[in-house]
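Trainee: Please find one structure pasted underneath; my questions will follow.
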Amino acid sequence: MEMVVNGVSTRKVARVTEELCGTGFSKSTVSDLCKRLDPIVAAWSNRPLGEFPFVLVDALYLKVREDSRVRSRGVMIAIGVNTNGHREILGLLLGDTESEASWSEFFGDLKKRGLRGVDLVVSDDHSGLIRALRQHFQGVTWQRCQTHFTRNILDATPKVLKDEIHNQVRSVLNAPDEKTARFLLQQTLTEYENKAPKAMAVLDAGFDDATAVLALPEKYRKRLRTTNSVERLNEEVRRRERVIRIFPNRESALRLIGALLMELDEKWASGKKYLDMQEYLDWRNSQPKTFFKVTRIG
């Protein structure tokens, strides 16, 4: 089971066990043994949650065989930072697509399991995801992933201007405070509104959501301005998924991904803190009650 979770194909597992033990295990036997993971993964996936001020969400796509056809299915994954500063993998959902309905089901399940105390959600600007956030996390600040935001701007930028506009956008997003960021934004819009009107329209429309993190104390901004930590998790999933390429059914996909995420979650729990939360909690308690109603979802 450990070999399979770490990306070894069932065919290779059969060969390895024969070399080591002198006895061969068929692919079907290996698969049957791996099914013993199901109740363990299910228990982890349904465990009670608690207070997580910061939540980061993203999705990736897998190929799953269903009804004699290979279909693309979205896997939604959420990471949370708890009040002690440790990261946890909150859960996953295998949906038909990365739709509003799938995200809504995912967020609803996280809340049923006790997710509370969310102050900031970081994600890409996917329309279905944002609508689901408005439904389930009203009053929570949304931070649009700056990596995806920058990519969206550059996709609308003429090729000859990509490098200089990229530098301008970085200066806006790396500003020390909102006032400076807004000043740099106006400079950039004025300079490029005629040279790259489409790119400037994207920048102007998404500025507030992409700079929401500037309201937080500076030490927390770097790790909360993008979904990079979730995407690194996705890369770990991809590394294992490439061995299989096409999952034979949904159960096998949830089994492998769930077991992998469980393993990584245990490493995080025993590792160093992701963030020192004391300064944030003190800062949050010092803010007026109306503060967290500004620039919020819904």
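The values are calculated or read from the model by the stated rules, or taken from the named source; none is laboratory data. Because the structure is a prediction, the values reported are computed rather than measured. Every residue, glycine as well, gets a Cβ built from its backbone with ideal geometry; the counts of neighbours run over all protein chains shown.
Trainee: Of the residues Asp125, Asp58, which is touching a residue at least 12 places away in the same chain (Cβ under 8 Å), outside any strand (DSSP E or B) and of a type in the set (Asp, Glu)? Give the derivation first.
Mentor: On the way: Asp58 fails: outside any strand (DSSP E or B).
Matching residue, one of Asp125, Asp58: Asp125.
Trainee: If you go through segment 54-75, how many residues are surrounded by 21 or more Cβ atoms within 10 Å (Cβ to Cβ), farther than 13 Å from Thr227 by Cα and within 15 Å of the chain's Cα centre (by Cα)?
Mentor: Count: 1.
Trainee: What is the number of the single condition among (1) within 30 Å of Pro288 (Cβ to Cβ); (2) in contact with a His (Cβ under 7 Å, 6 or more places away or on another chain); (3) among the charged types (D, E, K, R) that Arg225 does not meet?
Mentor: Status for Arg225: all satisfied but (2).
Trainee: When the residues of segment 283-298 are filtered to those that are of a type in the set (D, E, K, R) and surrounded by 10 or more Cβ atoms within 10 Å (Cβ to Cβ), which remaining residue is modelled with the lowest pLDDT?
Mentor: Lys293
Trainee: Please enumerate the residues belonging to segment 196-208 that are touching a Ser or Thr at 6+ places or on another chain (Cβ under 9 Å), surrounded by fewer than 20 Cβ atoms within 10 Å (Cβ to Cβ) and over 23 Å from Val122 (Cβ atoms).
Mentor: Lys198
Trainee: Inspect all residues belonging to segment 163-175 and state whether any of them is acidic (Asp, Glu), touching a residue at least 40 places away in the same chain (Cβ under 8 Å) and outside the structural domain of Ile130 (by TED's automatic domain parsing).
Mentor: no
Trainee: So, one more: Looking at Leu90, is it part of a strand (DSSP E or B), farther than 20 Å from Asp209 by Cα and either assigned by TED's automatic domain parsing to the domain that holds Glu266 or small (Gly, Ala, Ser) (or both)?
Mentor: Yes.
Trainee: Determine, yes or no, whether Asp125 is in the same structural domain as Tyr280 (by TED's automatic domain parsing), among the acidic types (Asp, Glu) and within 15 Å of the chain's Cα centre (by Cα).
Mentor: The answer is yes for Asp125.
Trainee: Still on this structure, please answer the following. Sort out which residues of segment 216-249 are in contact with a strand residue (DSSP E or B) (Cβ under 7 Å, 6 or more places away or on another chain), assigned to a helix (DSSP H, G or I) and modelled with pLDDT of 90 or more, and write them in order of number.
Mentor: Leu224, Ser229, Val230, Glu231, Leu233, Asn234
Trainee: Please go through segment 209-231 and pick out each residue that is under 17 Å from Ser171 (Cβ atoms) and loosely packed, with under 14 Cβ neighbours inside 10 Å.
Mentor: Glu218, Lys222
Trainee: While we're on this one: Which condition breaks for Leu264 when tested against (1) of a type in the set (A, V, I, L, M, F, W, C); (2) outside the structural domain of Gly74 (by TED's automatic domain parsing); (3) at pLDDT 90 or above?
Mentor: Every listed condition holds for Leu264 apart from (2).
Trainee: Checking Ile79 against (1) modelled with pLDDT of 95 or more; (2) farther than 16 Å from Ile257 by Cβ; (3) touching a Lys or Arg at 6+ places or on another chain (Cβ under 8 Å), only one condition comes out false. Which one?
Mentor: If we test Ile79 against (1) modelled with pLDDT of 95 or more; (2) farther than 16 Å from Ile257 by Cβ; (3) touching a Lys or Arg at 6+ places or on another chain (Cβ under 8 Å), just (2) comes out false.
Trainee: Collect the residues in segment 111-134 that are of a type in the set (S, T, N, Q) and within 24 Å of Arg284 (Cα to Cα), keeping them in residue-number order.
Mentor: Across segment 111-134, the qualifying residue is only Ser123.
Trainee: Further question on the same structure: Can you name the residue in segment 253-282 that is basic (Lys, Arg) and surrounded by fewer than 13 Cβ atoms within 10 Å (Cβ to Cβ) and is also nearest to Leu33 (Cα to Cα) among such residues?
Mentor: Lys267
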